[in-house]
Every structure is written in structure tokens, then in C-alpha cells.
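Colleague: Let me begin by handing over the structure; questions about it come next.
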Amino acid sequence: MALEDLAGGTLEAAIVERTDHAVIVADAEGTIRFWNPAAEAMFGWPRAEAVGRSLDLIVPEKLRDRHWDGYRRVMATGETEYAGRTLAVPALRADGSRLSIEFTVTLVPGDDGAIAGIAAIVRDVTAAWEERRALMRRLAEAERAAADRDR
């Protein structure tokens with residue numbers, strides 16, 4: 001099958017199904033409506049268990065109030081200050097462990113033109129975040145040691 005034969009929707013579906021980035025779509029109430037295989041691998045929730053559940057599934061409890069305030073505002077106004085920006089936040093895996101993610105969002109219009117939900121493209125940046133944190137710790141230790149030597 002030629003790549004051109006996948007045009008018209010099937011190509012997009014194949015890309016979303018095979019990408020290593022999680023693709024998550026939630027409706028206006030914040031209920032997960034789409035969860036690709038990469039989301040399963042990243043967060044540890046099988047699609048059958050994630051779809052139909054709240055985004056609270058992956059939002060850490062201490063961040064939920066802020067998350068839902070922003071989510072409801074976007075659903076009400078149809079505008080997001082995060083369009084075109086990459087956001088970095090902590091998230092939760094099914095086993096309760098935390099991961100660091102970066103994601104972009106796209107508002108999804110309904111048939112009536114109102115915002116029906118949000119799609120997010122997510123990548124796990126936990127390893128890079130931990131490397132940066134360790135590097136910053138080493139730098140701070142080196143600066144303290146240098147300051148102590150200079151005294």
C-alpha cells in the first residue's frame with residue numbers, strides 16, 4: 001500500500017496509533033475520550049480503563065484545583081493562553097509514581113462550533129528533568145566548595 005493510499009484520515013490515524021508520543025483527548029467535562037497506545041505505555045493505564053475516566057487519572061492531586069480552574073475557563077471561553085506553547089508539568093502513572101511530562105494542546109471544536117474538548121500531545125521527559133536536576137545540584141555543590149576555598 002502506497003503512502004498516498006492512506007490519505008483522507010487513515011494516514012492520520014496510523015500516525016496517532018504508532019507515534020511514541022501519548023495522544024489524549026478529553027471532552028468538555030474532562031472525561032478521557034481517546035487514549036493511544038503510547039499513552040498506555042507512558043501512564044500504565046490500558047485504553048479500556050482510561051477512556052471514560054476523568055483526567056484526574058494522570059493529574060497529581062495537589063495540582064487538580066489549578067488544573068480544573070484552567071480547564072473550565074478554556075471550555076467556557078474557547079480560548080487558551082497555552083496554544084502554541086509547550087507546557088511542562090508532573091503527572092501520575094497507574095502505579096502512583098510520578099513522571100515529568102511536556103505537552104501541547106489543541107482545542108477540538110464540536111459540530112456546533114463550540115469547543116467540545118482538548119487534545120494533548122504528550123512526551124515523557126522524566127529522564128531529562130532528573131539529569132538537569134542532578135546537574136544543578138552538582139553545580140550548586142561546586143559553587144559552595146569554591147566559595148569555601150575562597151574564604
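The values are calculated or read from the model by the stated rules, or taken from the named source; none is laboratory data. What you see is a predicted model; the values in this text were computed from it and never measured. Positions of Cβ are backbone-derived with ideal geometry, glycine not excepted, and every protein chain shown enters the neighbour counts. Protein only, heavy atoms only, side chains kept; ligands, DNA and RNA dropped before computing areas. Shrake-Rupley method; radii C 1.70, N 1.55, O 1.52, S 1.80 Å.
Colleague: Please state which one of ARG85, ARG98, ARG93 is within 15 Å of ILE24 (Cα to Cα) and under 17 Å from the mean Cα position of the chain (by Cα).
Modeller: So the residue among ARG85, ARG98, ARG93 that is within 15 Å of ILE24 (Cα to Cα) and under 17 Å from the mean Cα position of the chain (by Cα) is ARG93.
Colleague: Any residue in the stretch 52-80 that's without any contact (Cβ under 8 Å) to a residue 12 or more places away in the chain: show its pairings with residues that are open to solvent by less than 60 Å² (accessible area, probe 1.4 Å) and among the acidic types (Asp, Glu) at Cβ separation under 7 Å, as long as the two are six or more apart or on different chains.
Modeller: Correct list of pairs: ARG64/ASP56.
Colleague: Mind listing whichever residues of the stretch 45-64 are among the small types (Gly, Ala, Ser) and closer than 14 Å to ASP27 by Cβ?
Modeller: ALA50, GLY52, SER54
Colleague: Being part of a helix (DSSP H, G or I) and either open to solvent by 60 Å² or more (accessible area, probe 1.4 Å) or in contact with a Lys or Arg (Cβ under 8 Å, 6 or more places away or on another chain) (or both) is the filter here, so list the residues in the stretch 50-63 that pass it.
Modeller: The answer is ASP56, GLU61, LYS62.
Colleague: Which condition breaks for GLY117 when tested against (1) buried (at least 17 other Cβ atoms within 10 Å of the Cβ); (2) under 15 Å from VAL59 (Cα atoms); (3) out of contact with any Ser or Thr (no Cβ under 8 Å at 6 or more places or on another chain)?
Modeller: With respect to (1) buried (at least 17 other Cβ atoms within 10 Å of the Cβ); (2) under 15 Å from VAL59 (Cα atoms); (3) out of contact with any Ser or Thr (no Cβ under 8 Å at 6 or more places or on another chain), GLY117 is out only on (2).
Colleague: For residues that are of a type in the set (A, V, I, L, M) and open to solvent by less than 40 Å² (accessible area, probe 1.4 Å), scanning just the stretch 38-49, find the one that is nearest to ASP20 (Cα to Cα).
Modeller: ALA38
Colleague: What number of residues in the stretch 6-45 are part of a strand (DSSP E or B) and either touching a helix residue (DSSP H, G or I) at 6+ places or on another chain (Cβ under 6 Å) or not β-branched (Val, Ile, Thr) (or both)?
Modeller: Residues flagged as part of a strand (DSSP E or B) and either touching a helix residue (DSSP H, G or I) at 6+ places or on another chain (Cβ under 6 Å) or not β-branched (Val, Ile, Thr) (or both) within the stretch 6-45 amount to 9.
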